[in-house]
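These notes are about the structure you will find just below.
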Amino acid sequence: MKKIFILMFACMVMFACGNKQKDVAKEEIPQNTVLVLYYSQTGATASVANQLKSSMNADIEEIICENPYSGDFEATIERCKKEQEKGEIPAIKPIKADVQKYDIIFLGYPIWFGTYASPIASLLENANLEGKMIVPFCTFGSGGLESSTEDLKARLPRSVIMEGFGIRNARLSYLQDELNDFLVRNGYLQGEVEALPDFNVQDELSEADKKVFHEACDGYQFPLGTPTSVSKRYTSKGTEYRFITRNSDDVMSSKMTVYIELRNEKNAKAEFTKVVR
Ligand SMILES: Cc1cc2nc3c(=O)[nH]c(=O)nc-3n(C[C@H](O)[C@H](O)[C@H](O)COP(=O)(O)O)c2cc1C
């Protein structure tokens, strides 16, 4: 496939995995084909999958449950709780694609309870993704890319789990831009992308910082804690904030990292982009 740089992948895989998995990657890269394999209950992850398919000129397959989830949030929570109590995962229809013939699998899912949705657990039981290069992608209400990526690494220790792409379902209007940046930044597509500076040191909050935090987070359905410090970086799009928050309501006083973007456009409102728990 024209837009992929084989050498770059080889380097990335070697870097990501160390020598242990070097041979696996070398064997797979020359075929150079891409599959987008995804589960989506209410369509958000499907829109990322379809964008990936066209950007990467990839094959695509949706994971379908034998008994589909209803699409209703509360009903799905209830059903998942029952399944978890019984130690069950949902049956899925057999995958038609021969996953073995693909070099790279973009694996997509909504975040459920901080990790990949349970139909993905079923996929991992049924399909052999051992030794494959997997790029996770997901949509979420607040976050979960990092934790789900860690869970995939633990579940598939012999596969190469690359850095993934995640986007809040409330920010899908930015999908095309953000996905393209991700694909270029990680060497999957040719193009130019802005070099991102590091966040500066974590510092005390000013009144203006607090205002940004409240503007971005107060309307969200779940509490995102009280901000205790902030760091920033400045890009051509605007200012990115990284707030550390504490949730004093819970016994553990748990810590969260809340990322917020305030774009340069006139009248732009601060929006949180992800929460890392
Ligand atoms: C059962 C269930 C659990 C969820 N858990 C989380 C969660 O832990 N964190 C989060 O940010 N969003 C969570 N969400 C929200 C979904 O990740 C979000 O709506 C996603 O974009 C749905 O993708 P889809 O339209 O492809 O199904 C949950 C949704 C459901 C139905």
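The values are calculated or read from the model by the stated rules, or taken from the named source; none is laboratory data. Model, not experiment: these values are computed from the prediction. Here Cβ is always computed from backbone atoms with ideal geometry, including for glycine, and neighbour counts include all displayed protein chains. Side chains are part of the model used for accessible areas, which takes the heavy atoms of the whole protein and leaves out ligands, DNA and RNA. Shrake-Rupley method; radii C 1.70, N 1.55, O 1.52, S 1.80 Å.
Can you tell me the orientation of helix 6-17 relative to the chain, as the angle in degrees between its alpha-carbon axis and the longest Cα principal axis, to the nearest 10? Tilt relative to the chain: about 70 degrees. Ordered by 1.4 Å accessible area with all protein chains kept, THR245, THR42 run largest first as THR42, THR245. Taking only protein heavy atoms and a 1.4 Å probe, the accessible area of the stretch 6-185 is 50% carbon and sulfur.
Entry comment: accessible area of the chain is 53 Å² per residue, from protein heavy atoms only and a probe of 1.4 Å.
Length gained on full extension, GLU88 to ALA154, computed as 0.36 nm times the residue gap minus the Cα-Cα distance: 21.8 nm.
Rolling a 1.4 Å probe over the protein heavy atoms leaves VAL34 with an accessible area of roughly 10 Å². Among the DSSP beta bridges whose two residues both lie in the chain, what percent are antiparallel, rounded to the nearest 5? Beta bridges within the chain, antiparallel portion: roughly 55 percent.
The figure for ASP98 is an accessible area of roughly 90 square angstrom, using a 1.4 Å probe on the protein chains alone.
Between GLU265, GLU66, GLU192, the Gaussian network model of the chain with springs among Cα atoms under 10 angstrom shows the greatest mean-square fluctuation at GLU265.
Rg/Rh for the chain to two decimals, with Rh computed the Kirkwood way over all alpha-carbon pairs. Before the final figure, lay out the partial values.
Working: Rg = 19.6 Å, Rh = 20.1 Å.
Result for the chain is an Rg/Rh of 0.97.
The length gained on full extension between ARG277 and SER236, counted as 0.36 nm times the residue separation minus their Cα-Cα distance, comes to 12.0 nm. According to the Kirkwood expression over distinct Cα-Cα pairs, how big is the hydrodynamic radius of the stretch 207-276, in Å? It is 12.3 Å. Here the accessible area is traced with a 1.4 Å probe on the protein chains. For the stretch 207-276, carbon and sulfur cover 50 percent of it. Across the stretch 228-238, coupling constants 3J(HN,Hα) worked out from phi with the 6.51/-1.76/1.60 Karplus curve, θ = phi - 60°, read 10, 7, 8, 9, 9, 8, 10, 10, 5, 7, x Hz, and Gly and Pro carry x. The calculated FRET efficiency for the pair SER229 and ASN264, based on their C-beta separation and a Förster distance of 30 Å, comes to about 0.80. For the stretch 46-130, applying the loop criterion from DSSP together with a ceiling of 12 other beta carbons within 10 Å to the trypsin sites (Lys or Arg not before Pro) yields LYS96. Axis of helix 44-56 versus longest Cα principal axis of the chain: the two differ by about 60°, to the nearest ten degrees.
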